[in-house]
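The values are calculated or read from the model by the stated rules, or taken from the named source; none is laboratory data. Note that the coordinates shown come from a computational prediction; the quantities given were computed from them, not determined experimentally. Because the Cβ atoms are built from the backbone with ideal geometry, glycine has one as well, and the counts that use them run over all protein chains shown. To get the accessible areas, we keep the full protein, side chains included, count just its heavy atoms, and leave off ligands, DNA and RNA. Shrake-Rupley method; radii C 1.70, N 1.55, O 1.52, S 1.80 Å.
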Amino acid sequence: MAIFEYAPAPESTDVVDIKPSYGLFINGEFVDGSGPTFKTINPATEESLAEISTATSDDVDRAVQAARKAFGVWSALPGAERAKYLFRIARIIQERARELAVLESLDNGKPIRESRDVDLPLVAAHFFYYAGWADKLEYAGFGTKPLGVAGQVIPWNFPLLMLAWKIAPALACGNTVVLKPAETTPLTALWFADICRQADLPPGVVNIVTGAGETGAAVVAHPDVNKVAFTGSTEVGRIIARTVAGTDKKLTLELGGKAANIVFEDAAIDQAVEGIVNGIFFNQGHVCCAGSRLLVQESIQDELLASLKRRLATLRVGDPLDKNTDVGAINSADQLAKIRELSEIGESEGALRWSPACELPERGFWFPPTIFTGVAQSHTIARDEIFGPVLSVLTFRTPAEAVEKANNTPYGLSAGIWTEKGSRILWMADKLRAGVVWANTFNKFDPASPFGGYKESGYGREGGLLGLEAYLDVRASAARLGGLS
């Protein structure tokens, strides 16, 4: 039973005016797509929000040609002028933050508390951060020559934030963009198109094409795209890598993960429990760097699990627009089916499943916060990315064993360490094969910090100074300096 009962506190949807249908955004205008329309739905209610156009390969070609034409104008602008546009976009995002947060929760299913307090501030911060770099590229060390047209494909878990991660550095460096949002969460990208017009961004600098995998494939394979950036599943990342292989396109991939969240016996238990909850149940576990494998030192296993279960019993699952909600809806029926399938496999392989008592809404896509104990490294739920609110608990006895188990995965995106010993944090961080390692915290992001992975979690970095490298012709800079023949 929850300690406190909260009265409903729903955020109003009056701030958003969703039209019945939306087209593509090409060359500064909304235009009809040539393919069939599809519906984007509210995952919390299964109600249709709008009809969305599908971009065919011909539509993608129009978008790429618009971006190519705009590249000449945009790349020729002084960095300080490009920065003005980025600053303007950042400020408009702040002004329209409530509208965008409501829209993101409606289309994605994430709690308004997270879209309002995490996603939107980070979206604006990324545009502010890269606006600051636009006139200082010569000091970043990667040259100042943009690549050209960037084709970007983003996922459904953080629709607007992933857009910001990709578009902000691309524009700061002088590139133009053709972006495809996920088919289940296209609305905030289309709202962003309107923000581009509000900011008087020159036509063609940003183009948005909507659709499913075929549309994304057309963007990636287009011969006039110079740079491909993808965030999504490892499976699709492999397909994109094969498509781009043998071309001169620059590629960055940010793919799946199976992060270890490691808790030592000297850690502050209450703080660690909060970090574990934030690590796996933030955004319903729809996070590529989620701490989905809890490695707990054997001596504190019982104490920590008892505390963790007490904390999970207080989580509120339900209406994403309710300001009290901690865990919202699963993004789609397909994703819910995948989570259920992997959880059933976990039980069939011998792990012990536990969820707090909670009443799930009758309509929509829902899955309760879930813990599996008695998990072995050979279990499917310890190896495969579930991408949902499911935590697998394993134990260890020594730091060396913790490192071995944490690295025993084909992924390498993130990890967490909980201990009061600074020397242990540094020793562990040096040995963990993960692109991001958090110490006594988890799932903390900042536009100044680069993000990316090892192994099957992809390659390249987004964010921070290194995020500029992905959108600049480093080879041309090196050749000019005599570094390449």
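Report yes if some residue within region 333-353 is among the small types (Gly, Ala, Ser), modelled with pLDDT of 95 or more, outside any helix (DSSP H, G or I) and assigned by the TED database to the domain that holds Pro369; otherwise report no.
So the first thing to find is which residues in region 333-353 are among the small types (Gly, Ala, Ser), and the list is 333, 337, 343, 346, 348, 350-351.
Within this subset, residues satisfying the condition of being modelled with pLDDT of 95 or more are 333, 337, 343, 346, 348, 350-351.
Imposing the further condition that a residue be outside any helix (DSSP H, G or I) reduces the set to 350-351.
Subset that is assigned by the TED database to the domain that holds Pro369: 350-351.
There is at least one residue in region 333-353 that is among the small types (Gly, Ala, Ser), modelled with pLDDT of 95 or more, outside any helix (DSSP H, G or I) and assigned by the TED database to the domain that holds Pro369.
Please state which of the following conditions Glu99 fails to meet, knowing it meets all the rest: (1) touching a Ser or Thr at 6+ places or on another chain (Cβ under 9 Å); (2) surrounded by fewer than 21 Cβ atoms within 10 Å (Cβ to Cβ); (3) of a type outside the set (Lys, Arg); (4) over 17 Å from Asn175 (Cα atoms).
Going through the list (1) touching a Ser or Thr at 6+ places or on another chain (Cβ under 9 Å); (2) surrounded by fewer than 21 Cβ atoms within 10 Å (Cβ to Cβ); (3) of a type outside the set (Lys, Arg); (4) over 17 Å from Asn175 (Cα atoms), Glu99 breaks only (1).
Is at least one residue of region 112-125 over 18 Å from the mean Cα position of the chain (by Cα) and in a helix (DSSP H, G or I)? Explain how you work it out, then say what you get.
First, the residues of region 112-125 that are over 18 Å from the mean Cα position of the chain (by Cα): none.
No: zero hits.
Determine, yes or no, whether Pro8 is more than 23 Å from the chain's Cα centre (by Cα) and without any contact (Cβ under 8 Å) to a residue 24 or more places away in the chain.
On the way: more than 23 Å from the chain's Cα centre (by Cα): yes; without any contact (Cβ under 8 Å) to a residue 24 or more places away in the chain: no.
So Pro8 fails the test.
Going by what's in this entry, would Thr395 be described as touching a helix residue (DSSP H, G or I) at 6+ places or on another chain (Cβ under 9 Å), part of a strand (DSSP E or B) and either open to solvent by 10 Å² or more (accessible area, probe 1.4 Å) or modelled with pLDDT under 95 (or both)?
Numbers: touching a helix residue (DSSP H, G or I) at 6+ places or on another chain (Cβ under 9 Å): yes; part of a strand (DSSP E or B): yes; either open to solvent by 10 Å² or more (accessible area, probe 1.4 Å) or modelled with pLDDT under 95 (or both): yes.
Answer is yes for this residue.
Please enumerate the residues belonging to region 413-445 that are in a loop (DSSP other than H, G, I, E, B) and without any contact (Cβ under 8 Å) to a residue 60 or more places away in the chain.
Hits for region 413-445 are Arg433, Gly435, Lys444.
If you go through region 25-58 one residue at a time, how many are under 26 Å from the mean Cα position of the chain (by Cα) and either among the acidic types (Asp, Glu) or closer than 26 Å to Arg116 by Cα (or both)?
Residues that pass the stated criteria total 15.
So which of Val296, Val244, Val263 ends up being in contact with a Leu (Cβ under 6 Å, 6 or more places away or on another chain) and crowded, with 24+ Cβ neighbours inside 10 Å?
Values: Val244 fails: crowded, with 24+ Cβ neighbours inside 10 Å; Val263 fails: in contact with a Leu (Cβ under 6 Å, 6 or more places away or on another chain).
Val296 is the lone residue from the list that is in contact with a Leu (Cβ under 6 Å, 6 or more places away or on another chain) and crowded, with 24+ Cβ neighbours inside 10 Å.
Which one of these is at pLDDT 95 or above, under 23 Å from Leu120 (Cβ atoms) and small (Gly, Ala, Ser): Ala434, Ala429, Ala448? Can you show your working first?
Details: Ala434 fails: under 23 Å from Leu120 (Cβ atoms); Ala429 fails: under 23 Å from Leu120 (Cβ atoms).
Answer to the check: Ala448.
Could we say that Gly151 is in a loop (DSSP other than H, G, I, E, B) and touching a residue at least 40 places away in the same chain (Cβ under 8 Å) here?
Working: in a loop (DSSP other than H, G, I, E, B): no; touching a residue at least 40 places away in the same chain (Cβ under 8 Å): yes.
No; evaluated as a whole, the condition is false for this residue.
So that you can scan it fast, the table gives a plain yes or no per residue for (1) in contact with a strand residue (DSSP E or B) (Cβ under 6 Å, 6 or more places away or on another chain); (2) more than 30 Å from Glu138 (Cα to Cα); (3) surrounded by fewer than 16 Cβ atoms within 10 Å (Cβ to Cβ):
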| position | (1), (2), (3) |
| --- | --- |
| Glu29 | no, yes, yes |
| Asp32 | no, yes, yes |
| Pro36 | no, yes, yes |
| Thr40 | yes, yes, no |
| Ser48 | yes, yes, yes |
| Ser53 | yes, yes, no |
| Thr56 | no, yes, no |
| Phe71 | yes, no, no |
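Look through region 394-428, keep the residues that are of a type in the set (A, V, I, L, M) and over 24 Å from the mean Cα position of the chain (by Cα), and return whichever of them is farthest from Glu254 (Cα to Cα). Break it down into steps so the answer makes sense when it comes.
From region 394-428, those of a type in the set (A, V, I, L, M) are 394, 400, 402-403, 406, 413, 415, 417, 425-426, 428; that's our starting set.
If we keep only those that are over 24 Å from the mean Cα position of the chain (by Cα) as well, we get 394, 400, 402-403, 425-426, 428.
Values: Leu394: 26, Ala400: 28, Ala402: 25, Val403: 23, Ile425: 25, Leu426: 25, Met428: 23 Å.
The selected residue is Ala400.
Can you tell me how many residues within region 1-27 are open to solvent by 40 Å² or more (accessible area, probe 1.4 Å) and either in contact with a Leu (Cβ under 6 Å, 6 or more places away or on another chain) or not polar (S, T, N, Q) (or both)?
Start the filter on region 1-27 by keeping residues that are open to solvent by 40 Å² or more (accessible area, probe 1.4 Å), which leaves 1, 3-8, 10, 12-15, 17-21, 27.
Subsequent filtering for residues that are either in contact with a Leu (Cβ under 6 Å, 6 or more places away or on another chain) or not polar (S, T, N, Q) (or both) retains 1, 3-8, 10, 14-15, 17-20.
Count: 14.
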